[in-house]
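The values are calculated or read from the model by the stated rules, or taken from the named source; none is laboratory data. Predicted model only: the values in this text are computed from it and were never measured. Cβ sites come from the backbone with ideal geometry, for glycine too, and all protein chains shown count toward neighbours.
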Amino acid sequence: MNDLREIIKTRRSIRKFQTDEISDADIREMIEAGMHAPSGCNSQCWQFVAVKDKVLMNEIANAAEDGVREFYRAADFDPEYLAARARHTTFFKNAPLVIFVFMTHLEYYDERVTDFYKQAGFTYEEMMRALGSPDILSIGAAVQNILLTIHNKGLGACWMNDPTVSRANISRVLGVPADWRLMSVIPVGKPAYIPRQKQMRDIEDVLEIR
């Protein structure tokens, strides 16, 4: 195992990939790492779909592009900019592997608390926000574990959220249950370039020790 601190500090987003195939064993290792992330109420409120098939990948990308154009239809975007937005949202199709990360229902552990929120008129989504969005934080923790595992293998990935504007289209093509909410898209592959160093903020700007 490589040094964890070094893995964390050197991970970068990769957006261009070589064509080398990713093995099923590597995919399973990535997802198992995600599954060992902390989750609110130990809900493990995640599902993952790993896509390698290029025909399916292109179908998903086409559906995602349609969703982008539909989502921004009311915006006063010129056609050139809208086309660029569509390309930016669907570059995942060029990776040899794409992991689609879905969020499922988080069952809060204390029924008295959930009853209180219901009686106070909160929706489930409002209750989750009031509690600090433990469902969304759980997904973020899982994705981070996956990204670090990918980097540790000498591979690259990008944590994409733009495609979620097309979550309905993507979910339809993948045929997933209606209650799975697409949260992130992670293209994975051997990097086709060396990423630039990232300028980090000084720790004194972001930390207070009291």
Handout entry: helices (runs of 4 or more DSSP H) contained entirely in segment 112-210, each with at least 1 residues that are in contact (Cβ under 8 Å) with a residue 24 or more places away in the chain and either within 22 Å of R11 (Cα to Cα) or charged (D, E, K, R) (or both)
Key = 134-152, 167-174
Handout entry: Answer from A168, A192 - the residue that is surrounded by fewer than 16 Cβ atoms within 10 Å (Cβ to Cβ) and closer than 24 Å to S23 by Cβ
Key = A192
Exercise for the section: Return the total of residues in segment 45-90 being buried (at least 18 other Cβ atoms within 10 Å of the Cβ) and over 23 Å from E29 (Cβ atoms). Expected result: 11
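Test R87 against the stated conditions and say whether it is free of Cβ contacts under 8 Å to residues at least 12 places away in the same chain, under 23 Å from I146 (Cα atoms) and part of a helix (DSSP H, G or I). Give the derivation first.
Details: free of Cβ contacts under 8 Å to residues at least 12 places away in the same chain: yes; under 23 Å from I146 (Cα atoms): no; part of a helix (DSSP H, G or I): yes.
When the stated conditions are applied, R87 does not pass them.
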Handout entry: Subset of segment 17-34 (residues that are within 17 Å of the chain's Cα centre (by Cα) and either of a type in the set (V, I, T) or surrounded by fewer than 15 Cβ atoms within 10 Å (Cβ to Cβ) (or both))
Key = I27, R28, I31, E32
Fill in the blank from the handout: Note on Y109: of the conditions (1) surrounded by 14 or more Cβ atoms within 10 Å (Cβ to Cβ); (2) among the aromatic types (F, W, Y); (3) touching a residue at least 40 places away in the same chain (Cβ under 8 Å), unmet is (1)
Practice task
Tell me which residues, restricted to segment 64-78, are at pLDDT 90 or above and not aliphatic (A, V, I, L, M).
Solution key: E65, D66, G67, R69, E70, F71, Y72, F77, D78
Practice task
Select from segment 91-123 the residues that are more than 22 Å from the chain's Cα centre (by Cα) and closer than 23 Å to R167 by Cα and list them in ascending order.
Solution key: T123
Exercise for the section: Scan segment 16-35 and report the pairs whose first residue is part of a loop (DSSP other than H, G, I, E, B) and whose second residue is β-branched (V, I, T) and surrounded by 15 or more Cβ atoms within 10 Å (Cβ to Cβ), with Cβ atoms within less than 8 Å and a gap of 6+ or a chain change. Expected result: I22/V188
Fill in the blank from the handout: Conditions (1) surrounded by 20 or more Cβ atoms within 10 Å (Cβ to Cβ); (2) over 21 Å from A25 (Cα atoms) -> D162 fails only (1)
Practice task
Can you work out which of the residues in segment 1-16 that are aliphatic (A, V, I, L, M) and surrounded by fewer than 18 Cβ atoms within 10 Å (Cβ to Cβ) is modelled with the lowest pLDDT?
Solution key: M1
Exercise for the section: Would you check if there is a residue in segment 32-39 being hydroxyl-bearing (S, T, Y) and closer than 21 Å to N161 by Cα? Expected result: yes
